[in-house]
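My structure is below; once you've seen it, I'll send some questions.
The values are calculated or read from the model by the stated rules, or taken from the named source; none is laboratory data. Please read these numbers as outputs of a predicted model, since none were measured by experiment. All Cβ positions, glycine included, derive from the backbone under ideal geometry; neighbour counts span all protein chains shown.
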Amino acid sequence: MVHRQRTIEIADFELPRGAVGIKQLMAMPRATWDHLRNEITRRRQQDPDRPLARCRLCKGPVFIRSHFAGGEHAPVYAHYPESPADCPWYDGANLKPDDARAAQYHGHQERALHRWMCDTIAELLRNDARCRVVTVDTYRRPAVEKRGRYPDVYAELEGLGKFAIEVQLSKPFAPEIAARHLHYEAEGVALIWVFRELPDELPQGFHDVITLQRGNAFLFDDAAFAASNARGTLALTALLENDRGGFLKPRYVALDDLDGSTGRAVFLEDRRSDRLLAYCKAGREKWWEAFKQAPPTDFDYPFDEPCFIPPWDSIKNFVPELRPWKRRCWDEQFVRGDRLFAELAAILFSIAHTAMAGRDRVYLTRFSDGSALTSMLNAKLSAQAFMPFATLIETMLSATPARERLERMSVARSFALAKQGAEQVRPGDPVWAGATRLFPEVFDGLRRAELADLGKLPAWAGGAATGG
């Protein structure tokens, strides 16, 4: 039976990601949907009964398939085999990984080049005086997992730890990549994927590996072989992603140079987290500067001062919808929208700074004692102008270590009265979009989840990492 190909229009992800439509998926930067694809597969390997993403119509589990057309990869949703075949968005049966692998290798799992690379890498490791164990394609009895693995090369180096090196000449498959990472992570073994070369058109499996290695690709090419002989130990060619979709100049690295502290991946430099954090900080940089330049007057900050013009211009560029919103504020309420947004931003920044510092620090009033944040929230939520933003402010507060303020009777009452007193601004509103650009770590579910996955969600936003 031949099924007409359809498109899954919306996938519902586990929160905080939420619903992600196909247009939103296809508009994502490559690094973002690669990460999302890997997390879906990782969850599939860990807990298949609790999928990360489900089809909006049939509720069946879905994954992200890479569709190659027009010289580039594009992400689309696809049902897993157990999804209902009568779903209106059903997109046909998928080739099973074992069958795909057999077709790829034409029944031959081992090739001469693959074997040479494994043997050579093992021999180079043996030449290292710190090497205590090295094996090639040998079963490793598990310490934690139910079954072991046959790593291409396994090594234990004194002072460095345990390494599994997987030599990959053709495209690896997503379930296999995720399964190996989960296995070695549980076993306390650093997993490194090694290619011979990177083709001009990278297969999706290569992208999956590079994503898991935080934007790093490792090669054992002729240059790495020469560097290994010169150093007397294994050296790899490291290619690190640049900001233009390519790679920086090759670097030659030994195992000593690699960071395996995250447990999830081994890399030379984290090229993914740094870019995410830089994006987050860039949206509020001008606002931090404005708050530093404009000390409070007797009660409020002077939001009419020139120092607040650059941040307002900046946020309008990120969220053009704020321009007509500003006009509506004046036409309907006789309120200056830019000043109102600046005051709201000051509330959000006060929450963030309090969470960062571990003590109350507010930018909107002269309150300065240990209950300054509580006093500021009670004062502002009682004002008619800020009542519509109670849910937005509560969302910010709930995501930070300052959330305990919500348990205080006066604050809980202020939020409740504000919500009763005005219709609440919700996601999709220009002001909510502006808050999302200022604090994506809180309001942007996709970026918040990705930072948490990478162990880089800042502590002030409820994560274990540090940063502002």
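Which is charged (D, E, K, R), in contact with an Asp or Glu (Cβ under 6 Å, 6 or more places away or on another chain) and touching a residue at least 24 places away in the same chain (Cβ under 8 Å), of 275, 271, 284?
271
Between 189, 194, which is modelled with pLDDT of 95 or more, β-branched (Val, Ile, Thr) and buried (at least 16 other Cβ atoms within 10 Å of the Cβ)?
Values: 189 fails: modelled with pLDDT of 95 or more.
Only one candidate qualifies: 194.
Could I ask something else about it? For residue 227, only one of the following conditions fails: (1) aliphatic (A, V, I, L, M); (2) over 19 Å from the mean Cα position of the chain (by Cα); (3) not in a helix (DSSP H, G or I). What is its number?
(3)
Of the conditions (1) more than 31 Å from the chain's Cα centre (by Cα); (2) part of a helix (DSSP H, G or I), residue 335 fails just one. Which one is it?
(2)
Within the range 201-254, can you find the residues that are crowded, with 21+ Cβ neighbours inside 10 Å and acidic (Asp, Glu)?
Matches in the range 201-254: 208, 241.
Going through 274, 304 one at a time, which residue ends up being among the acidic types (Asp, Glu), farther than 24 Å from residue 384 by Cβ and loosely packed, with under 15 Cβ neighbours inside 10 Å? Step through it out loud before you land on a result.
Numbers: 304 fails: farther than 24 Å from residue 384 by Cβ.
Unique residue meeting the criteria: 274.
Of all the residues that make up the range 25-39, how many are closer than 13 Å to residue 205 by Cα and either aliphatic (A, V, I, L, M) or touching a strand residue (DSSP E or B) at 6+ places or on another chain (Cβ under 7 Å) (or both)? Show your work before the answer.
At the first step, the residues of the range 25-39 found to be closer than 13 Å to residue 205 by Cα are 34-35, 37-38.
This time we only want the ones that are either aliphatic (A, V, I, L, M) or touching a strand residue (DSSP E or B) at 6+ places or on another chain (Cβ under 7 Å) (or both), so: 37.
Summing the residues that are closer than 13 Å to residue 205 by Cα and either aliphatic (A, V, I, L, M) or touching a strand residue (DSSP E or B) at 6+ places or on another chain (Cβ under 7 Å) (or both) in the range 25-39 gives 1.
Still on this model: Might you check whether a residue that is under 17 Å from the mean Cα position of the chain (by Cα) and at pLDDT 95 or above occurs anywhere in the range 414-433?
No: zero hits.
Could you give every pair whose Cβ atoms fall below 8 Å, whose first residue belongs to the range 340-352 and is within 15 Å of residue 312 (Cβ to Cβ), and whose second residue is assigned to a helix (DSSP H, G or I) and of a type in the set (Lys, Arg), counting only separations of at least 6 or pairs across chains?
Matching pairs, first to second residue: 341/326; 343/380.
Tell me which of these residue 392 doesn't satisfy, since it passes every other one: (1) exposed (fewer than 14 other Cβ atoms within 10 Å of the Cβ); (2) under 28 Å from the mean Cα position of the chain (by Cα); (3) aliphatic (A, V, I, L, M).
Only one criterion is unmet by residue 392, namely (1).
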